[in-house]
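The values are calculated or read from the model by the stated rules, or taken from the named source; none is laboratory data. This is a predicted model, so every value here is computed, not measured. Cβ placement follows ideal geometry from the backbone for every residue including glycine, while neighbour counts extend to all protein chains displayed. Each accessible area value is taken on the protein alone, full model and side chains, heavy atoms only, with ligands, DNA and RNA left out. Shrake-Rupley method; radii C 1.70, N 1.55, O 1.52, S 1.80 Å.
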Amino acid sequence: MWAPGLAHGADFTKTDLNIAMSDGVQLAATYFQPTGTPPPAGWPAVVLLHGLGQTRNSSDFVNWSPNSMAAQYLAPAGYAVLTFDARAHGQSGGLFTLDGPRELADLRELLTWLTTRHPIDAQHVGAYGASYGGGLVWKAAVEGLPLAAIVPVATWTDLREALAPQSLVRAGIVLSFSQDIPRERYSPDVLALLSDAIAERNVPAIRAYLASRSTRSQLGSLRVPTFILQGRRDFAFDANQAIAGYNRIRGPKRLYLGDLGHLPAPNPPAEFDFVSLEIRAWFDRFLKGVPNGIDKRPPIELAPDPWRPPTSYRTLPKPRKLKLAFGGRSLLSFDGKVTRTTKRVRALETFGTPVVKVSLASSTGYKHLVAVLSAVTPSGSEIVVSDGGTDTQAVGSRPRTVTINLQNEITSIPAGSRLRLTLGARSTVQSIANLVYLIPVADGASARVGKVTLTLPVLPKRVSR
């Protein structure tokens, strides 16, 4: 059990400094330490990791910068906290290798610096990471870094599935992320693969590289107490990235699904306050030993959209499946689209992986197919529900059923909406603003589209209104 020492109120010191890594690179960091006498074993501590292109003082997610979290929620509560600009970010040196062995070594060395040079309880150090930082937190945990509790947020467990599912690169997502890092700060091998990904070349090598940055296959051995937070509607890393991780880990675990994350997530400030207190409670339980009951409550939370405090579940909600079929035959040109639209539906809330099956034939090498599922509301606006794509190079002149698994974006669909499937070579055929799949097929290529089916998982009882 943690003993509180003499720190009280918001008393802590904050020190900015540079920390040298074993390869000579300097990482810019901030160290927070409570004032007063530490507990006999030392202060419990947390390392906070930022997202891609961000720093310890900034965040994609409005209020979620590591330094603001440390100053508002952790240091005043008796935690020593270390934040840092990741290699190739902010004021730090070095080259970017996408949460590779060098970044993992950085985190290992920072943990050693923290626990050997300060009055820290080395048995009770936790880590929080958002997006890019969350990927490294997962990697650190499965590689056995000495962490007593972790909180990965809005991140991946399988980066290959996130960025190149079904052998089709989500080039728009890759391109958007790539602009967060100046070109001169990339390692040469990552820069070469990035160019290939944006052009949809060398896809097997890209998928292999992304798999090397993934942890999902290793999570079955993880026993570290883990609190996972993920966005309902995050077009970079969908809810399945978190759900798959939650299902695999065997230690104490908790899952929160809400309005946080990458676009189009709204990141409401009230949610940040709510989850920050839950994150602190998780660390209190497993770093301080406080019997606050967070590990005894129903472990799954799903917040409504617009955000309100979440609904709790003992187990993951089991969706029911709507099965919709569309007949007819259409010719799909290299730069065109085919749409199928339902009748009006009652209010729905999706939860799970939508699956599209398309009867497809092509004698001209229509090399991939993209499906965008949207909802056309009674007011005429269109909500993009999900997207997906797949390689179709094996399709020939005889019709063949092609299966496309879409992203799990937990979406509230208003009553009276019509569901619309848009098929084409790129997501931009649905809307010029839909910049997920960007690579065209060859000029003059065409395909024949026949029967289309959609299996759509929905919550039996909606949480959003």
* Given a Förster radius of 25 Å and the C-beta distance between residue 343 and residue 381 as r, what FRET efficiency does 1/(1 + (r/R0)^6) yield to the nearest 0.05? -> 0.85
* Helix 203-212: angle to the longest alpha-carbon principal axis of the chain, degrees 0 to 90, nearest 10? -> 30 degrees
* Structure fact -> Amide H contacts under 5 Å for residue 413, restricted to residues at least 5 apart in sequence or on another chain and with H modeled in the peptide plane, are 348, 349, 350
* To do: Along each of the three principal axes of the Cα atoms of segment 322-400, give the extent in whole Å, ordering the values from largest to smallest.
  => 40, 24, 20
* Asked: If you take the square roots of the eigenvalues of the alpha-carbon gyration tensor of segment 43-134 and sort them as a ≥ b ≥ c, do you get rounded (a/c under 1.5), prolate (a/b over b/c) or oblate?
  -> oblate
* Angle, helix 101-117 long axis vs. longest principal axis of the chain, Cα atoms, 0 to 90°, nearest 10? -> 20 degrees
* Nearest 10 degrees, 0 to 90: helix 188-199 Cα axis against the chain principal axis -> 30 degrees
* To do: Quick one: which residues, 5 or more positions from residue 43 or on another chain, have an amide H under 5 Å from its amide H? H modelled 1.01 Å from N in the peptide plane, none for Pro or chain starts.
  => 120, 121
* Please give the calculated 222 nm ellipticity per residue for the chain, where each DSSP H segment of at least 4 residues contributes -39500 (n - 2.57) and the sum is spread over every residue; nearest 500 deg cm²/dmol? => -6000 deg cm²/dmol
* When each of 343/367; 296/318; 318/343; 337/461; 337/451; 321/357 is checked by Cα-Cα distance, pairs over 23 Å -> 343/367; 318/343; 337/461
* Structure fact -> Under the 7 Å Cα-to-Cβ spin-label approximation, residue 20 and residue 277 lie apart by a distance in nanometres of 4.5 nm
* Structure fact -> Given (i) 1.15; (ii) 1.03; (iii) 0.94 as possible values of Cα Rg over 2.2 N^0.38 Å, the one from the coordinates is (ii)
* Asked: Counting only heavy atoms of protein chains, what accessible area per residue, in Å², does the chain have with a probe of 1.4 Å?
  -> 38 Å²
* Structure fact -> With 0.36 nm assigned to each residue of separation and the Cα-Cα distance removed, residue 184 to residue 118 gains 20.3 nm
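Go through 424-432, 341-349, 43-51, 262-270 and give me the packing order, highest mean Cβ count within 10 Å leading.
For the peptides 424-432, 341-349, 43-51, 262-270, the packing ranking is 43-51, 424-432, 262-270, 341-349.
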* Percent accessible area from carbon and sulfur atoms, the chain, protein chains only, probe 1.4 Å -> 53 percent
